[in-house]
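Note sheet for the following structure.
The values are calculated or read from the model by the stated rules, or taken from the named source; none is laboratory data. Just so it is clear, the model here is predicted, and its values are computed rather than measured. Please note: Cβ atoms are built from the backbone with ideal geometry, for glycine as well, and neighbour counts cover all protein chains shown.
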Amino acid sequence: MKKTALILILLVAGMLAAQAQTVDYVYTEASELTLIGKLMPGKTANPYHRVDTSLYKGFTKRENLLVRMSSGMGCVFKTNSKSISILTEYGQMDDPVNTVHISARGYDLYIRKDGKWLWAASGVNSRGKLDQPLTLIAAMDGSMHECLLYFPTYSEELSIKVGVEKGAVLEPVDNPFRHRIAIWGSSFTHGASTSRAGMAYPAQFTRATGLQMLSLGCSGRCMLQDYFCDVLVDVDADAFVFDSFSNPRADVIRERLVPFIDRMIAAHPGKPLIFQQTIWREKRNFNVSEDKKEQDKMDMAARIFKEIKSTPEGRKKYKDVYFITPKACPPSHEASVDGIHPDNYGYTLWEQSIRKPIVKILRKYGIK
């Protein structure tokens, strides 16, 4: 009896292994599909880089890596394949302690259902198997689906290939998102502490409104630098949003903000420039030093915006400049991962808090 049971177990295991081996994938480079969230399309040798660091100079070694990461980018396509596989050739990558590896190095898949984007799958291979195919989703019904695939937040990719079963359809679709809204920011905008890439607040905003945000989140390095402004001056966008007061000290904000705004106005006249106040960081709750530093930043940003619009000349010159306040903290204060970065829920609160004011501003410019 035991021998018969063992034979049956081996037969079943063999059949399952044979079935797994029969899935034959055909791979297509993601850049041959429809890229979304691309800050500078056609202006980077690597399609998954956000900035071409061979053209724009001044970045530190760390910043050079950050702007080559694919955070905020993705692709859209349609397929009737019952399963989808991803094959990645990675460049440099981070190993963040406060961000789930599925977000940092993995993929996040949404499928349109009843007119809305519904989460479908997410995943990443283990560190030692990153060069192997990743079966992202399986056992679908074989009908045609419109898919939105987010790329990793904290890694550089040299190649991203989307695999579907042999004989299945894989085709690009028109970009489902409207307009081009560039957003430059700190680790908050980059997607730090998210569990998957689609939970970064610019991605949530795009799905919720249909308005396409183009993310240039750069962890710890959004400090109103001239060389980042060089990039933003050259970006073709309908509007600009900034999370630019989370990283710099109050004195740096005082020194750099107005010259930064003046350069952006000169380069993009008549386009809305929407600046966000920094959010409440939970680490200041009982740390007197952190509390003062954070409050000084918040007070400085608010003071400058009040100053530049305090005269008729200022109101006229800065008429397309806006200052809004996001909120990523619930009344319970229980939406922080490390005292600095929100968790997924915190980022959802952030997106919800800025959606109405940003949409209202953009409508004034025919962006809807």
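Of everything in region 106-131 that's touching a residue at least 40 places away in the same chain (Cβ under 8 Å) and over 28 Å from residue 211 (Cβ atoms), which residue is surrounded by the most Cβ atoms within 10 Å (Cβ to Cβ)? That would be 130.
The residues of region 153-211 that are surrounded by 23 or more Cβ atoms within 10 Å (Cβ to Cβ), β-branched (Val, Ile, Thr) and under 17 Å from the mean Cα position of the chain (by Cα), listed by number, are 153, 160, 181, 183, 189, 194, 206. State whether the residues of region 212-227 include one that is on the phi > 0 side of the Ramachandran plot and either crowded, with 24+ Cβ neighbours inside 10 Å or in contact with a Phe, Trp or Tyr (Cβ under 6 Å, 6 or more places away or on another chain) (or both). Yes, the conditions are met somewhere in region 212-227.
Kindly establish whether residue 72 is crowded, with 21+ Cβ neighbours inside 10 Å and on the phi > 0 side of the Ramachandran plot. Spelling it out, residue 72 is indeed crowded, with 21+ Cβ neighbours inside 10 Å and on the phi > 0 side of the Ramachandran plot. Out of the residues in region 314-344 that are among the aliphatic types (A, V, I, L, M) and in contact with a strand residue (DSSP E or B) (Cβ under 7 Å, 6 or more places away or on another chain), state the one that is farthest from residue 300 (Cα to Cα). Only one residue fits best here, namely 335. For region 345-368, the set of residues classified as surrounded by 19 or more Cβ atoms within 10 Å (Cβ to Cβ) and either modelled with pLDDT under 95 or out of contact with any strand residue (DSSP E or B) (no Cβ under 9 Å at 6 or more places or on another chain) (or both) consists of 347, 351, listed by residue number. Taking the numbered list (1) over 18 Å from residue 169 (Cβ atoms); (2) at pLDDT 95 or above; (3) hydrophobic (A, V, I, L, M, F, W, C) in turn, residue 120 passes all entries but (1). Filtering region 292-329 to residues that are surrounded by 13 or more Cβ atoms within 10 Å (Cβ to Cβ) and either in a loop (DSSP other than H, G, I, E, B) or outside the structural domain of residue 262 (by TED's automatic domain parsing) (or both) leaves 309, 318, 320, 325, 326, 327, 328, 329. Being buried (at least 19 other Cβ atoms within 10 Å of the Cβ), within 20 Å of the chain's Cα centre (by Cα), more than 22 Å from residue 307 (Cα to Cα) and assigned by TED's automatic domain parsing to the domain that holds residue 330, is that true of even one residue in region 239-247? The answer is yes; a qualifying residue exists. Here residue 231 meets each of (1) hydrophobic (A, V, I, L, M, F, W, C); (2) outside the structural domain of residue 60 (by TED's automatic domain parsing); (3) touching a helix residue (DSSP H, G or I) at 6+ places or on another chain (Cβ under 9 Å) with one exception, condition (3).
Determine whether residue 28 is among the polar types (S, T, N, Q), in a strand (DSSP E or B) and either at pLDDT 95 or above or touching a strand residue (DSSP E or B) at 6+ places or on another chain (Cβ under 8 Å) (or both). So residue 28 passes the test.
Filtering region 128-185 to residues that are assigned to a helix (DSSP H, G or I) and at pLDDT 95 or above leaves only 129. One residue is enough: does region 300-314 have a residue meeting the conditions among the acidic types (Asp, Glu) and closer than 21 Å to residue 219 by Cα? Within region 300-314 (the criterion being among the acidic types (Asp, Glu) and closer than 21 Å to residue 219 by Cα), the answer is no, since none of the residues qualifies. Quick check on region 87-103: of everything there that is in contact with a helix residue (DSSP H, G or I) (Cβ under 9 Å, 6 or more places away or on another chain) and among the aliphatic types (A, V, I, L, M), which residue is nearest to residue 62 (Cα to Cα)? By that ranking, first place goes to 93.
Here 270, 220 are screened, and the one residue that is assigned to a loop (DSSP other than H, G, I, E, B), more than 24 Å from residue 347 (Cα to Cα) and of a type outside the set (Phe, Trp, Tyr) is 270. The residue pairs whose first member lies in region 236-254 and is under 10 Å from residue 301 (Cα atoms), whose second member is of a type in the set (Phe, Trp, Tyr) and crowded, with 23+ Cβ neighbours inside 10 Å, and whose beta carbons are closer than 9 Å, counting only pairs six or more residues apart or on different chains, are 244/184; 253/245. Being surrounded by fewer than 18 Cβ atoms within 10 Å (Cβ to Cβ), over 18 Å from the mean Cα position of the chain (by Cα) and more than 26 Å from residue 289 (Cα to Cα) is the requirement here; does residue 230 meet it? So residue 230 passes the test. So which residues in region 273-291 are in a helix (DSSP H, G or I) and either closer than 21 Å to residue 367 by Cα or touching a Lys or Arg at 6+ places or on another chain (Cβ under 9 Å) (or both), if there are any at all? Selection gives 284, 290, 291.
With respect to the conditions (1) within 20 Å of the chain's Cα centre (by Cα); (2) farther than 22 Å from residue 350 by Cα, residue 255 lacks only one, and its number is (1).
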